[in-house]
1. Checking Val253 against (1) touching a residue at least 12 places away in the same chain (Cβ under 8 Å); (2) surrounded by fewer than 19 Cβ atoms within 10 Å (Cβ to Cβ); (3) not in a helix (DSSP H, G or I): exactly one of these is not met. Which one?
2. Residue check, Cys133 against (1) crowded, with 17+ Cβ neighbours inside 10 Å; (2) hydrophobic (A, V, I, L, M, F, W, C); (3) modelled with pLDDT under 90, all met but one. Which one?
3. What are the residues in segment 388-405 that are surrounded by fewer than 19 Cβ atoms within 10 Å (Cβ to Cβ) and β-branched (Val, Ile, Thr), if any?
4. Please work out if Val88 is within 25 Å of Thr23 (Cα to Cα) and in the same structural domain as Pro14 (by TED's automatic domain parsing).
5. Go through segment 474-583 and tell me which helices (runs of 4 or more DSSP H), entirely inside it, have 3 or more residues that are more than 30 Å from Leu445 (Cβ to Cβ) and more than 45 Å from the chain's Cα centre (by Cα).
6. Pull up segment 533-555, narrow it to residues that are of a type in the set (A, V, I, L, M) and in contact (Cβ under 8 Å) with a residue 60 or more places away in the chain, then point me to the one that is farthest from Leu460 (Cα to Cα).
7. Is segment 393-404 home to any residue that is at pLDDT below 95 and over 27 Å from Leu611 (Cα atoms)?
8. Scanning segment 203-214 for residues that are buried (at least 18 other Cβ atoms within 10 Å of the Cβ) and out of contact with any Ser or Thr (no Cβ under 9 Å at 6 or more places or on another chain), which turns out farthest from Glu290 (Cα to Cα)?
Amino acid sequence: MATEEKQERPVTYPWLKDKVLGTGGFGTVTLWRHTDTGETIALKKCRWGTPGTGTENILTPKHVERWEKEVEIMNRLSHSAVVRCFQVPAELTGPPGDLPMLCMEYCSLGDLRKVLNKPENCCGLREASVRACIRDITEAVAYLHSMRIIHRDLKPENIVLQDVDGKIVYKLIDLGYAKELDHSSVCTSFVGTLQYLAPELFLSKRYTCTVDYWSLGLVTHEIITGVRPFLPNMTPVEWMKRVRTKQSNHICVYEGRNGDVQFSAHMFPESHISSPFRLRLEEWLRVMLEWEPGVRGQVQGEDGSKKVLAFTMINDILNKKMIKVFVVDLCCLLEYEVTESSSLSEVQKWVAQDSGVAIEDQRPLLPRGQPPDPTRPAIQCWAPPDEDEWLLYIFAEGMTRPQVPPHFPPLVEAMLREPRTTVDYQTQRRMWSHAMFFLQREARLLALLMQAQKVSMLHLMSGHAQLTKTGQRMLSDIAKLQARHHLFMEALNTDLDYYDEQASSGRLTSEKLYSGWRDMGEITLRQVHVVVERVQQLEGSLTALNTRILELQCSPFARARSNDTLENIISAGEELYCTMRRRNKEQRATAHDNTDMCKLLLQALRKRDRLQQDLFKHIEKQSECCSEVAELSSPLETVLEDAARTAQHISSLQKQRQKDIWKIMEIAINHSRSVGNPSSLPANMQPIPNAKHLAKKPPSPAALSSLSALLEKSGKEADAIIAENRALRCQMVEMLTGSVNSTLVIGSNKIGDATAPSVPVEGLPTPGSPSHMVHSSSPSSLAPMKKAVETSL
């Protein structure tokens, strides 16, 4: 069984033929796949000349030479933008005497012509693809020229696309018409595809490597605009007779609607590349599409010498940095060329000139929602060309809902004015391709507007998150302030209660001290009330703002995708365009009207206007919320500062009251020492030493703990501190009471006489005491004490 399977295997096993990739004038390219490894190769084999097939006499010796030369050249080239070749597998080698085969890497994405024929590329490729294609192909041609090889057949069909690590690489193939330069560097043979031939090749004149410059210029113009630059609807004989009269600065020759031939120094504006990039490329194309081969690709210096700029010039252009700016209010995209030294203020000045939005009204944002750093250069707004979504968004302060009119290409505007007017095939093709460009551009602008509202939302959420954090800090600080004030008032009320108790007993009093303490409570109460009232107002504003932002987050635009705009209409337009392209020769000879495409355009305009107004309304609400976030930030910071100052004031008042209490103790103790001795104290009381003579002990951790730390403790710990404070004050009052009663006795010689009236601190009689009792006291014993108390307080 195994033997039978082995006999059934083809002679090329393990290589199996997959499909034919293409057939040319002499060669056929076939895809082969390895059954074990899955490796694929493209094998190019000559269709004619195989011995025994009867085609030996079809190929002339010159054809054979050209075929062998192609294989020989391709096998010794090595460049990333030239298709890679390698040895033909032994299983696929042809019979002896057969022409050599060319084994190449398989580029699975097809050729450039296939890409250009897609309806979405009817007005050229996107800028990132244009840049990549120009860079790869110019490098490949420069490499060939460095190897003294002219390609002579540059065209989209000979440029293939390959995916290399997720990046599209454009590669040159088919060097069947390639020519190695001899020492004179001049050739005369006529080869290549006619539409892309340089004039000197077509006219069989002597030529050099500059023929590749002409072809490269034609291909570049086509990938940018979708059409060849010189009368693409005419045969080479017809267009060359007209183009030869062009001036050096002309890079485009086309037929007007009246059939007249028009010359232009610019490419068609209906393309997907930025304006600065297009202007630079136009300068390069003027050099590459010079009719005279002797000056093509070169410039003349001041000394009269010629300098080749074909490759250095395009390399400089591709290395220049372009930033894109989307002005949201106008729904327009602006592009600027910047350098490392360009400042952000310069870009804003350019935007003001082109859009009319004053610099002071501009609110620039980057795609992640953060504003650009004004101290850094404008290059911070640049990103590599393949990062198409990295733009600088400009929002206008005080934005309203603008009415942005559409900008129609001239041919589209003419088509909309007279949709039922019949036109020829070529005119209709241009009209419809420009209509597709218009739809793509409007879809792009709508997608940018949708992205702009997402950027605005990111900026709003960032500011709101910071505001919320500040608001939470405000609530935390006000809670701490209220707890601090509560503790302060508890202690103050306790002191006032004990003061009233001893004052009612006729003991030590001070109206100055008492009124000062009461003022402390009233002042702090007013301060805390003002701060709390302001916090409540701000908390209400924050709550209302949070509600509006939540509504914005729940909006359909917050979840909408950028391609949910005009994609369905564009798909319908592409289908119409393809149907028009599929017309046969007889159908193309008949004129048609544009009603079908005009209906799509009107449908797109209605949807565009509706989406645009909804997006502007949404962005306007976001801008209002952003303004409110900015307006609330300053009051929140002010309240935080007021709360901090109030807390500091409460702490200072608490310290002042503590100083007052300890000063009273010091006065009482000093007075008791001056009129008595320790033996006169009650048996259960010990003399209180002077604070100066106390042993220097390190303070306890509890005494050094800050008030904020106490506030963070639990309610139990706070209550324990208050209870301990009260107990300590009770002991102090008892001590003071005993000291004063044992020393400050008036009208009696007996120490500790309970019936003797007490003397107030300020030298005035205690309320309820007879005034004659004060006068009967001994002046010599009362005067020193009164003076000492008044001096201390």
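The values are calculated or read from the model by the stated rules, or taken from the named source; none is laboratory data. From a predicted model like this one, the values you see are computed outputs, not experimental measurements. Using ideal geometry, Cβ is built from the backbone for each residue, glycine included, and neighbour counts are taken over all protein chains shown.
1. (2)
2. Result: Cys133 passes all but (3).
3. Selection gives Thr400, Val404.
4. On the way: within 25 Å of Thr23 (Cα to Cα): yes; in the same structural domain as Pro14 (by TED's automatic domain parsing): yes.
The answer is yes for Val88.
5. Details: elements: 511-553, 556-559, 567-581.
Once the helices (runs of 4 or more DSSP H) in segment 474-583 are filtered for at least 3 residues that are more than 30 Å from Leu445 (Cβ to Cβ) and more than 45 Å from the chain's Cα centre (by Cα), what remains is 511-553.
6. Narrowing segment 533-555 to residues of a type in the set (A, V, I, L, M): 535, 538, 542, 544-545, 549-550, 552.
The next check asks that each one be in contact (Cβ under 8 Å) with a residue 60 or more places away in the chain; those that pass are 535, 538, 542, 545, 549, 552.
Numbers: Val535: 23, Leu538: 18, Leu542: 14, Leu545: 11, Ile549: 8, Leu552: 10 Å.
Taking the candidates together, the pick is Val535.
7. Among the residues of segment 393-404, not one is at pLDDT below 95 and over 27 Å from Leu611 (Cα atoms), which makes the answer no.
8. Initially, segment 203-214 is screened for residues buried (at least 18 other Cβ atoms within 10 Å of the Cβ), giving 207-214.
Pick out the ones that are also out of contact with any Ser or Thr (no Cβ under 9 Å at 6 or more places or on another chain) and you get 210-214.
Working: Thr210: 10, Val211: 11, Asp212: 12, Tyr213: 9, Trp214: 8 Å.
Looking at the filtered set, the residue picked out is Asp212.
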